[in-house]
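To start, the structure itself, in structure tokens.
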Amino acid sequence: MSVAVRSLIGGAWVTGCEGTLTDTNPARPDEVVATGGRAGASEMATGVRVARIATSGWARLPMSARGAFLTRAAEIIESNAEGWGEELTREEGKTLAEGIGEVRRAAQILRYYGNAADRESGTVYSSPRSGEQILVTRKPLGVVGVVTPFNFPIAIPAWKIAPALVYGNTVVWKPAAAVPLLAFRLAQALTEAGLPDGVLNMILADSAAGEALVDHPDLDAVTFTGSTGVGRKIAGSAAARGVPVQAEMGGKNAAIVLADADLELAVEQVMLGAFRSTGQKCTATSRLVLHESIAEEFLARLTVEVKELRVGDPLDPGVTTGPVVSASAQKSIVNGIDRAVGGGARVVATAEAPESGHYVQPTVLELPASTELWFEELFGPVLAVQRAATTADAFRLANEGEFGLSAALFTQDLTNALAGIGDLDVGILHVNSESAGADPHVPFGGAKKSGYGPKEQGDAAREFFTHTTTVYLRGGRA
Ligand SMILES: NC(=O)C1=CN([C@@H]2O[C@H](COP(=O)(O)OP(=O)(O)OC[C@H]3O[C@@H](n4cnc5c(N)ncnc54)[C@H](OP(=O)(O)O)[C@@H]3O)[C@@H](O)[C@H]2O)C=CC1
Ligand SMILES: O=C(O)CCC(=O)C(=O)O
């Protein structure tokens, strides 16, 4: 059941000529999910060229007409949710329910941006001069380079590409090499929806070709999600060329459980945050700060839940936790666990995992102090725990480190909730719910070094994907 995938350049489906790509199932690494040709730097350059040609026709269409393509694509995606969700699970490794859920989420995102024309698209200010009004209108940037990670193969591309397109830009997109099939499906949906040639170019290529894309002198903006090292490099190169850049990078997100928390709710939500998608979310809960008065009881309850996790083939409906994406991810996560244990971490709980496939045992570790695992993003099913003597101490521990993407605060006391809103240095704060999750109509992105440049989604996406022209408008001589 291997699918032949191709790149989309200038409206044509092309087989890249830099070599072959083989997309395998992380649960059964011998199973090939998709194959195709790998494109290179020259195809990236072609993509930028055809995207440039397509800009003027696309930008001149009314926003509602651009949005209609997204709405039609959303319908196509929705009608394929089960089949494409299964494909997503087979290439990325999240559970089938999450795979189908992500495909539906992509449709929801496309629908949200499909309706952008119904929202406010500029501002009118009063003028200090009679006979004049001041308008702030919005215009597209031009050609946008989009680089996406493996962990949300269709939702993250959707939330970058949909606003880029609806606000009048054209796109050259390099998806993560591990997940070409869902990239192919999203490009198929937009093509079947009738998107004009050259408006979206999806190029299946490796990271070297990705670098050629983001360094291309004719790009007008770059949007990236992925690792911190790559994000900083891309941001540096775009800034050096004076090109707007948006980079969503690492997270080391804390759940903070205060003395007055509803422990049953907190345990349930911490389990979801830490172990759904096998911990492979930038918003996953990878740190847990427990007020010392409830720490023993909380860890006892958490241990029961961890032991009930079922790690295995994510297509099996009874499985709660699939594999991680690759053998190298598996190795680096296991090494991170071993280093923490070698440094004095106590193993609080683990769940069994199969031997064959890229599995990692879900693991909860209590740290003796703020050691390496408190700061390093492992991007797997690993939760590091510390205890705090006071609420202030809990917030201090949660704020440690260079990242500030999301946090989850568990408390039933409004004063504590308000203190957390004030003191926790994060881009996204959940009070009494898990640290992951993002709605399309509100800003998404981190504080501190989790993100660089404007945030994503909602009005923030409009800020990034457009520039403004301030118009001093008079009818003539007053
Ligand atoms: N904040 C977040 O949302 C995410 C964070 N991560 C973090 O990143 C780690 C690795 O995940 P991974 O997906 O491999 O992240 P990477 O940053 O390596 O890759 C993300 C995307 O960037 C591409 N890329 C890699 N190097 C370059 C480059 N020099 N120039 C342009 N594009 C490039 C990748 O291509 P290719 O796939 O071909 O290498 C992929 O499409 C995770 O362990 C996690 O720590 C990962 C995913 C999401
Ligand atoms: O929390 C979410 O649903 C989105 C997470 C995300 O953007 C990521 O992991 O890259």
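The values are calculated or read from the model by the stated rules, or taken from the named source; none is laboratory data. No experiment lies behind these values; they were computed from the predicted model shown. Neighbour counts are summed over all protein chains in view; Cβ atoms, including those assigned to glycine, are modelled from backbone coordinates with ideal geometry. Side chains are part of the model used for accessible areas, which takes the heavy atoms of the whole protein and leaves out ligands, DNA and RNA. Shrake-Rupley method; radii C 1.70, N 1.55, O 1.52, S 1.80 Å.
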>> Beyond a 20 Å Cα-Cα separation, which of these cross-linked pairs lie in this structure: 160/281; 139/160; 94/455; 252/455?
In response: 94/455
> What ranking, highest mean first, results for peptides 380-391, 297-308 when packing means the other Cβ atoms within 10 Å averaged over each residue?
Replying inline: 380-391, 297-308
> Between residue 265 and residue 97, what FRET efficiency comes out of the Förster formula 1/(1 + (r/R0)^6) with R0 = 35 Å and r the beta carbon distance, rounded to 0.05?
Replying inline: 0.95
> Counting Lys +1, Arg +1, Asp -1, Glu -1, what net charge surrounds residue 412 among other residues with beta carbon under 14 Å of its beta carbon?
Replying inline: -4
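Taking Rh as the Kirkwood radius computed over C-alpha pairs, what is the Stokes-Einstein D of the range 1-73 at 20 °C in a medium of viscosity 1.002 mPa s, expressed in µm² per second?
Answer, rounded: 145 µm²/s.
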> Got a sec to turn the phi values of the range 285-299 into Karplus ³J(HN,Hα) couplings, 6.51 cos²θ - 1.76 cosθ + 1.60 with θ = phi - 60°, whole Hz, x for Gly and Pro?
Replying inline: 7, 10, 10, 10, 10, 10, 4, 4, 5, 10, 4, 4, 5, 4, 5
>> Please compute the per residue accessible area over the chain with all protein chains in place, 1.4 Å probe, rounded to a whole number of Å².
In response: 38 Å²
> Which whole-Hz couplings ³J(HN,Hα) result when phi for each residue of the range 140-146 is put into the Karplus expression 6.51 cos²θ - 1.76 cosθ + 1.60, θ = phi - 60°, listed in order with x for Gly and Pro?
Replying inline: x, 7, x, 9, 10, x, 10
>> Spelling out what I want: for every residue of the range 341-355, take phi, set θ = phi - 60°, compute 6.51 cos²θ - 1.76 cosθ + 1.60 (Karplus), and round to whole Hz; glycine and proline get x.
In response: 5, x, x, x, 5, 9, 6, 8, 7, 9, 10, 5, 9, x, 6
> How large is the charge dipole for the chain, taken about the Cα centre, if only the Cβ atoms of Lys, Arg (+1) and Asp, Glu (-1) carry charge, to the nearest 20 debye?
Replying inline: 2060 debye
> If packing is taken as the mean number of other Cβ atoms within 10 Å per residue, what is the order of 341-347, 207-213, highest first?
Replying inline: 207-213, 341-347
> Where does the charge balance sit around residue 31 when Lys and Arg score +1, Asp and Glu -1, over other residues with C-beta under 11 Å from its C-beta?
Replying inline: -2
>> Which residue, 370, 408, 311, has the largest displacement toward the positive end of the dipole of the range 253-431 when charges sit on each Cβ (Lys, Arg +1; Asp, Glu -1)?
In response: 311
> Can you list residues whose amide H is under 5 Å from residue 288's amide H, if they're 5+ apart or on another chain and H is modeled 1.01 Å from N?
Replying inline: 255, 384, 385, 386
>> Can you compute the charge dipole magnitude of the range 253-431 about its Cα centre, using +1 on each Lys and Arg Cβ and -1 on each Asp and Glu Cβ, nothing else charged? Give it in debye, rounded to the nearest 20.
In response: 360 debye
> How big is the chain by the Kirkwood estimate over distinct Cα pairs, in Å?
Replying inline: 23.2 Å
>> Please compute the modelled spin-label separation between residue 12 and residue 218, points set 7 Å along Cα→Cβ, answer in nm with one decimal.
In response: 1.6 nm
> Based on Cβ point charges of +1 for Lys and Arg and -1 for Asp and Glu, what charge dipole magnitude is obtained for the range 71-127 about its Cα centre, in debye rounded to the nearest 20?
Replying inline: 220 debye
> Once the principal axes of the Cα atoms of the range 241-295 are found, what is the range along each, listed largest first in whole angstroms?
Replying inline: 53, 21, 13
> For the range 262-292, list residues with backbone N below 11 Å from a point placed 7 Å from the Cα of residue 304 toward its Cβ?
Replying inline: 264
> Where does the charge balance sit around residue 85 when Lys and Arg score +1, Asp and Glu -1, over other residues with C-beta under 9 Å from its C-beta?
Replying inline: -4
>> P(r) for the range 253-431, please, calculated from all Cα pair distances in 5 Å bins and given in %.
In response: 1, 9, 19, 22, 21, 15, 8, 4, 1, 0
